[in-house]
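Okay, structure first, notes after.
The values are calculated or read from the model by the stated rules, or taken from the named source; none is laboratory data. No experiment lies behind these values; they were computed from the predicted model shown. Cβ coordinates were reconstructed from backbone atoms using ideal geometry, including for glycine residues, and neighbour counts include every protein chain displayed. Just so you know, the surface numbers come from the protein's heavy atoms only, side chains and all, with ligands and any DNA or RNA stripped out. Shrake-Rupley method; radii C 1.70, N 1.55, O 1.52, S 1.80 Å.
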Amino acid sequence: YITRNKDTYLHGKMELSYNTCYKNGINGLSFHRTDRGIVKQNIIYDNGVVPRLDKEEKAVEDWHAGCNGKSRQSYSGLVINNADEVELWSNKVAARYADDNAFKQEYDGCPSPLGAGGNNQACQGLVDPNLGEYVNVEVDLEVCGVKYLEIYCGENCHLIQWPYTMIGTSYSPSDAYEECLRKCDEGDCRAFSLQDDYRPGNDGMKFCFVYKDSQDPSPLECQNDPFNQNQPQCSYVTANGQFFITRTAKQLFNVNDESFQKSSIYCSIKLKQINQVLCGGQILITSRLHRSHSILHRPLWPM
């Protein structure tokens, strides 16, 4: 989010690029009242987690109570808001819903044309007609980088009854996601997870578990909605764990975020308090952690 530099940032350019943005309350990325911007190569998906009143939430969470009777705008992508001479290059956006705005331009009066742009892709959602010549509409979500979805798994992120391979080498936190994703992409994989390496001498390192696509989970009770089963054998305790799964496997096994009922009482209370304050804001803090990879947000000074 870049905002309100129009009156104070009079020279040079501002760049907002190379971000992966997901699980935000409304938009994934907003370039607001800042001129001469460069917005490029951002991947934006699964934002708009604040409910819309006209859409049914499949999983109702207790922080939704803070939004009772309120609805977010139909935005969950990338917005250029009252900004002139912005360049828009090679951004990939999948809005949460087909009638959410994926690429949107807002302006007080007549919209200002972009400074330049192209090779942007919208895999789901609406494209503002003012940006139409700069955006290609796609039907394959993977074109927009949406292959694996993160599932909130609390303190039990390893699905012990899902056939898996544990990668022997652990990775540094900065490399773990990309390395484990690469292992998953190499072959027999429908999901992968990360957790702290508990072995002596490996403090701060991350284990990688790759879950096999060729074998179904067993027993049956661990197949459906595994992070919300009352069967303790379905998932295993982890430290600082994360779980990522393909859209196909998520639908096949109905894999949902762990409910608050299974989270610690302390975390549930604290997160509820925070969200009731911030609900409806641009960045919503929830039980799900918002993570961005390889963030670049810097001013580009004139030579």
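Worth pointing out:
- Qualifying positions in segment 54-76 - part of a loop (DSSP other than H, G, I, E, B), modelled with pLDDT under 90 and loosely packed, with under 15 Cβ neighbours inside 10 Å: 56, 57, 58, 59, 60, 68, 69, 70
- Residue in segment 35-53 that is free of Cβ contacts under 8 Å to residues at least 12 places away in the same chain and of a type outside the set (Asp, Glu) present: no
- Qualifying residues in segment 172-227 (those that are of a type in the set (S, T, N, Q) and in contact with a Ser or Thr (Cβ under 7 Å, 6 or more places away or on another chain)) - the one modelled with the lowest pLDDT: 202
- Only strands (runs of 3 or more DSSP E) whose full extent lies in segment 1-50 are considered here, and the ones with at least 3 residues that are out of contact with any Pro (no Cβ under 9 Å at 6 or more places or on another chain) are 29-32, 37-40, 43-45.
- Segment 97-110 - residue that is assigned to a loop (DSSP other than H, G, I, E, B) and at pLDDT below 95 and, of those, least open to solvent (accessible area, probe 1.4 Å): 97
- Selection status of residue 224, on the phi > 0 side of the Ramachandran plot, out of contact with any His (no Cβ under 9 Å at 6 or more places or on another chain) and surrounded by fewer than 18 Cβ atoms within 10 Å (Cβ to Cβ): no
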